């Protein structure tokens, strides 16, 4: 088994992230820092990632987490901040599929299925993501139409989005927006391009998976139908 697949199957991270760890010298095989990202593991190999011996998981698990703000979408953090992995009750090591910013809440998939994670995070596997955002100022219908058409966020023009103006007060607007891509801070950058700052952001839907009534900070296991849906997306 190729080393990045071995690491992913142990629930440490995705294959893409595993390649990064190898290039950073954080992976050892049989006590030696691994320099060959194409290394094929053999029976009896002792694999360490960041000083911890790992083995492929005996079973695959899949969770839907309602991520709170103030948690890092990672399995480790140099600053000692809270990790989303702390919110999953299973003893089996899992990792997040994709990411949500530190100050963004909502739906996040957690699993130890490296093959599925790699598939879902590949650019060709992107699917619709729906967010509810509170932004500063009043978003006009004309501005919503610009977002829906696609907007330049700095060297990249977004694909057409679905935009619903939900409500507003004197100083802010609550907007539901569905995007297809997953560029870094995309929703925030889209509103910034119109002069509005996002003050609250929650992802409520990923494909046909929804956050529903799941409380913030809680997670639930995905059902067989939901897992099958993710595998065929």
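The values are calculated or read from the model by the stated rules, or taken from the named source; none is laboratory data. Here the structure is a predicted model, which is why all the values come from computation and not from measurement. Because the Cβ atoms are built from the backbone with ideal geometry, glycine has one as well, and the counts that use them run over all protein chains shown.
Miscellaneous remarks
- Some residue of the stretch 30-51 being without any contact (Cβ under 8 Å) to a residue 24 or more places away in the chain, more than 25 Å from residue 177 (Cβ to Cβ) and buried (at least 17 other Cβ atoms within 10 Å of the Cβ): yes
- Test result for residue 27, more than 22 Å from residue 203 (Cβ to Cβ), exposed (fewer than 15 other Cβ atoms within 10 Å of the Cβ) and touching a strand residue (DSSP E or B) at 6+ places or on another chain (Cβ under 8 Å): no
- Condition check for residue 135: in contact with a helix residue (DSSP H, G or I) (Cβ under 6 Å, 6 or more places away or on another chain), in a strand (DSSP E or B), closer than 12 Å to residue 196 by Cβ and in contact (Cβ under 8 Å) with a residue 40 or more places away in the chain: yes
- Filter result for residue 179 (within 30 Å of residue 228 (Cβ to Cβ), in contact with a strand residue (DSSP E or B) (Cβ under 8 Å, 6 or more places away or on another chain) and not assigned by TED's automatic domain parsing to the domain that holds residue 219): yes
- In the stretch 147-162, the residue that is surrounded by the most Cβ atoms within 10 Å (Cβ to Cβ) out of those that are outside any loop (DSSP other than H, G, I, E, B) and either within 22 Å of the chain's Cα centre (by Cα) or in contact (Cβ under 8 Å) with a residue 24 or more places away in the chain (or both) is 147.
- Selection within the stretch 97-118 - outside any loop (DSSP other than H, G, I, E, B) and more than 21 Å from residue 16 (Cα to Cα): 105, 106, 107
- Looking only at the stretch 90-136, residues that are outside the structural domain of residue 223 (by TED's automatic domain parsing) and over 17 Å from residue 180 (Cα atoms) come to 3 in all.
- Output for the stretch 78-96, where each listed residue is crowded, with 17+ Cβ neighbours inside 10 Å and either assigned to a loop (DSSP other than H, G, I, E, B) or modelled with pLDDT under 90 (or both): 88, 93, 94, 95
- Matching entry among 195, 182, 212 (being assigned to a loop (DSSP other than H, G, I, E, B) and under 17 Å from the mean Cα position of the chain (by Cα)): 182
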